[in-house]
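A.B. asks: Pasting a structure below so you can have a look.
The values are calculated or read from the model by the stated rules, or taken from the named source; none is laboratory data. Note that the structure is predicted; figures quoted are calculated from it, not measured. We place every Cβ from the backbone using ideal geometry, glycine too, and count neighbours over all the protein chains shown. Just so you know, the surface numbers come from the protein's heavy atoms only, side chains and all, with ligands and any DNA or RNA stripped out. Shrake-Rupley method; radii C 1.70, N 1.55, O 1.52, S 1.80 Å.
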Amino acid sequence: MDKTHALKYRLAPLEMSPSEFRKAGYRVIDQIAEGLCTLPEKPVTRDESPATLRALLGSSPLPEQGRDASSLLDEAVELLFEHSLFNGHPRFMGFVTSSAAPIGALGDALAAAVNPNVGLSQLAPIATEIEAQVVRWIAELIGYSPDCGGLLVSGGNMANFVGFLSARKAKASWDVRTNGVNTQNGRLLMYASGETHTWLQKAADMFGLGTDAIRWIAVDQTLRMDTGALRAQIQADLRAGDLPFLVIGSAGTVSTGAVDPLPELAAISREYGLWFHVDGAYGGLAALLLDSPECEVPADLQGIREADSVAVDPHKWLYAPLEAGCTLVRDPALLRDAFSFHPPYYHLDEGQTAEINYYEYGMQNSRGFRALKVWLALRQAGRAGYVEMLSADIHLAQELYRLVELHPELQAFTRSLSITTFRYVPSDLVPGSQEVEQYLNTLNSELLTRLQKSGEVFLSNAVIGETFALRTCIVNFRTSLEDIEAIPDIITRLGKETDAALRPAQWKVNAL
């Protein structure tokens, strides 16, 4: 076959005929459905080393010739369903990663099939409007202004970055986008509690301010920002000739779910002319429960409504498949001020002023259609469905806290939103002394390692003061009361085994 004929009747190696696509697609959907159906019967994860996993893949170079799609998909299904950590498992309660809504998985497939580039409205007309609707609906869910600007991003880090850069542009007293960050007129400073997620260090580093520009504000006994300490630090920095520009409040810290006094932080920000940003990546969406009789949440979440910008993560508490974060900015014009450029390779219709071109609202030009999976799930469940699911997650965390308090070998620490923290304490040890506390930290750290490897239940950790604690975070619509009730017995059984392996031989019970 000559080259001209091959190009005229081109059949690319990646193409599939409609019949091949249907056959492979139906089979994959059946396999996924079976995998999800049998998920509770599987371990949350398997204790497999990287070497074992690499051996499964082999070390051969890229094949010269390809293979048929169906056999490759069968192989991928086998690898993923037999060698993954399942955050959709009912006993996954570790990091703030939710079980993924099945409709979201189907939405991702549909989005990938159409493959719109949601950076430019011309390239993604309906996808752009769906994303705009999702932004409005998320704002409505948390009581934020539906006239705000916003967009979907990859997750919490990126969502917070967008708010950070919007604040930097809006509050710098010079053209920071043209002239960059300088310290001739004082340093731009930001304020956050020590419980704030590490996105802040990344932002300060990457966006030119440096991590020394972060003022870490002390927390109170409930791990919420001390507003008196915040006010004192702002005043001291102003006297020193620096330029405070940003206050960050947490709507659910990663470690314990603590909610900062957001209304008071908003008032202080207004008083000093600072941008108020709320990191609600985990807990911000719980604001939809503020007016619900189903579940009580911290009233301080009302302060989200007063923020200049808010970050939330649909892939956390809206149960969207990864990746899906969202930034909301009260004034849409300030988003464009922070990000918009007009490159010559975009031929735009100047008459279409109503178009939303998301490349002007954030850091990406090429953007996938993240909004579809969120849009579908919001419509499938509705507000009432999300009230039900978030309330259930919170009630299960409350029940675990109650069970821990009742158990003689478990010590409860905190419970906020859907996070509960506690530790295992052998019955013959009395906490308090430095020696015992150091041992309990070592014991619980090793216990967590064994627990995660066991596959019975997957928890994570929090460090509260100097105490290493076990941490459950329930953002999982598959978790039930039965799963919660199993945790104390699993912890104490593995705790006893771990203690027997670690307890120093010279220790005597009555000496401690």
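A.B. asks: For the range 87-243, what is the Kirkwood estimate of the hydrodynamic radius, computed as the reciprocal of the mean inverse distance between distinct Cα atoms, to one decimal in Å?
C.D. replies: Values: mean 1/r = 0.0522 Å⁻¹.
In the range 87-243 this quantity evaluates to 19.1 Å.
A.B. asks: Still on this model: Just to be sure I understand: if I project the alpha-carbon convex hull of the range 87-151 onto a plane and average over all orientations, what area do I get in nm²?
C.D. replies: On the way: hull surface 23.9 nm².
Its average projected convex-hull area is 6.0 nm².
A.B. asks: A further question on this structure: Excluding VAL118 itself, calculate the net charge of residues whose Cβ lies under 11 Å from the Cβ of VAL118, where each Lys or Arg counts +1 and each Asp or Glu counts -1. Intermediate values should be presented prior to the final figure.
C.D. replies: Values: positive: ARG367, ARG370; negative: GLU129, GLU131.
It works out to a net charge of 0.
A.B. asks: Taking LYS202 as the anchor, which aspartates and glutamates have their alpha carbon closer than 14 Å to its alpha carbon, excluding any fewer than eight residues away along the same chain?
C.D. replies: Of all the aspartates and glutamates, those that pass the test against LYS202 - Cα under 14 Å, at least 8 places apart if same chain - are ASP212.
A.B. asks: If you take the charge dipole of the range 222-328 about its Cα centre, with +1 on Lys and Arg Cβ and -1 on Asp and Glu Cβ, which of GLY273, TYR319, GLY303 is farthest toward its positive end?
C.D. replies: With unit charges placed on the Cβ atoms, the residue in question is GLY273.
A.B. asks: Label points 7 Å out from Cα along the Cβ direction at THR211 and ALA500: separation in nm?
C.D. replies: 4.2 nm
A.B. asks: At a 1.4 Å probe radius, carbon and sulfur cover how many percent of the accessible area of the chain? Don't skip to the end; give the middle numbers.
C.D. replies: Numbers: 12900 of 24480 Å².
On the chain, the fraction of accessible area on carbon and sulfur atoms equals 53 percent.
A.B. asks: Could you put PHE369, PHE276 in order of accessible surface area, largest first, with the 1.4 Å probe and the full protein assembly present?
C.D. replies: Numbers: PHE369 30, PHE276 5 Å².
So the residues, ranked largest to smallest area, are PHE369, PHE276.
A.B. asks: A further question follows. Run through every distinct alpha carbon pair of the range 162-201 and return the Kirkwood hydrodynamic radius in angstroms, one decimal place. Don't skip to the answer; put the middle values down first.
C.D. replies: Numbers: mean 1/r = 0.0864 Å⁻¹.
One over the average 1/r among Cα pairs gives 11.6 Å for the range 162-201.
A.B. asks: Given contacts defined as C-alpha pairs under 8 Å and at least six residues apart, what's the relative contact order of the chain, whole-number percent?
C.D. replies: On the way: 874 pairs, mean separation 103.9, N = 512.
Value for the chain: 20 percent.
A.B. asks: Could you tell me what percent of the DSSP beta bridges with both partners in the chain are antiparallel, to the nearest 5? Before the final figure, lay out each step's value.
C.D. replies: Details: 26 of 45 bridges.
Roughly 60 percent of the beta bridges in the chain run antiparallel, per DSSP.
A.B. asks: Same structure, new question: Let me know the charge dipole size of the range 19-178 about its Cα centre in debye, to the nearest 20, where only the beta-carbon of Lys, Arg (+1) and Asp, Glu (-1) is charged. Can you show the working numbers first?
C.D. replies: On the way: 13 positive and 18 negative charges, 133 e Å.
It comes to approximately 640 debye.
A.B. asks: With label points built 7 Å along Cα→Cβ from the Cα atoms of ASP68 and VAL114, find their separation and express it in nm.
C.D. replies: 3.2 nm
A.B. asks: Considering the range 280-352, what Rg and Dmax in Å follow from its alpha-carbon atoms?
C.D. replies: 17.0, 54
A.B. asks: List the lysines whose Cα sits under 27 Å from the Cα of LYS453, skipping any in the same chain fewer than 8 residues away.
C.D. replies: Qualifying lysines at Cα under 27 Å: LYS42, LYS316, LYS496.
A.B. asks: What does the convex hull of the alpha-carbon atoms of the chain project to on average, in nm²? Intermediate values should be presented prior to the final figure.
C.D. replies: Details: hull surface 121.1 nm².
Directional mean of the projected Cα hull area for the chain stands at 30.3 nm².
A.B. asks: Using Cα positions and a limit of under 19 Å, work out the aspartates and glutamates in reach of LYS373, with same-chain residues fewer than 8 apart set aside.
C.D. replies: Answer for LYS373, where 19 Å is the Cα cut-off: ASP108, GLU129, GLU131, GLU140, ASP313, GLU323, listed by chain and number.
A.B. asks: Please list 182-189, 88-95, 156-163 highest first by mean number of surrounding beta-carbon atoms within 10 Å per residue.
C.D. replies: Details: 182-189: 15.2, 88-95: 22.8, 156-163: 24.8.
Result, highest mean Cβ count within 10 Å first: 156-163, 88-95, 182-189.
A.B. asks: In Å, what is the Rg of the alpha-carbon atoms in the range 1-123, and how long is Dmax?
C.D. replies: 18.9, 59
A.B. asks: For the range 1-65, treating each Cα as an identical point scatterer without solvent, what Debye log10 I(q)/I(0) comes out at q = 0.13, 0.17 1/Å?
C.D. replies: Each listed q maps to, in turn, -0.76, -0.97.
A.B. asks: Let me ask something additional. Please give the charge dipole size of the chain, origin at the Cα centre, charges +1 on K and R Cβ atoms and -1 on D and E Cβ atoms. Round to the nearest 20 debye. Don't jump to the answer; show the numbers that get you there.
C.D. replies: Working: 43 positive and 62 negative charges, 156 e Å.
Dipole magnitude for the chain comes out near 760 debye.
A.B. asks: Over 24 Å, how big is the tail of the calculated P(r) for the range 324-434, in percent of all Cα pairs?
C.D. replies: On the way: 3582 of 6105 pairs.
Roughly 59 percent, once rounded to a whole number.
A.B. asks: Starting from the Kirkwood radius over alpha-carbon pairs of the range 168-228, derive D by Stokes-Einstein at 25 °C in a medium of 0.890 mPa s and give it in µm² s⁻¹.
C.D. replies: On the way: Rh = 12.8 Å.
For the chosen part, D equals 191 µm²/s.
A.B. asks: Something else: Just want the answer: with Cβ charges of +1 for Lys and Arg and -1 for Asp and Glu, which residue in GLY150, PRO426, LEU403 is farthest toward the dipole's positive end in the chain?
C.D. replies: GLY150
A.B. asks: I've got another one for you. To the nearest 500 deg cm²/dmol, what mean residue ellipticity at 222 nm is calculated for the chain from DSSP H runs of n ≥ 4 alone, each contributing -39,500 (n - 2.57), summed and divided by the residues? Mind showing how you got there, number by number?
C.D. replies: Details: 16 runs with 221 residues, N = 512.
Value at 222 nm, helices only: -14000 deg cm²/dmol.
A.B. asks: Over the chain, average the accessible area per residue using a 1.4 Å probe and give it in Å², no decimals.
C.D. replies: Details: 24480 Å² over 512 residues.
It amounts to 48 Å² per residue over the chain.
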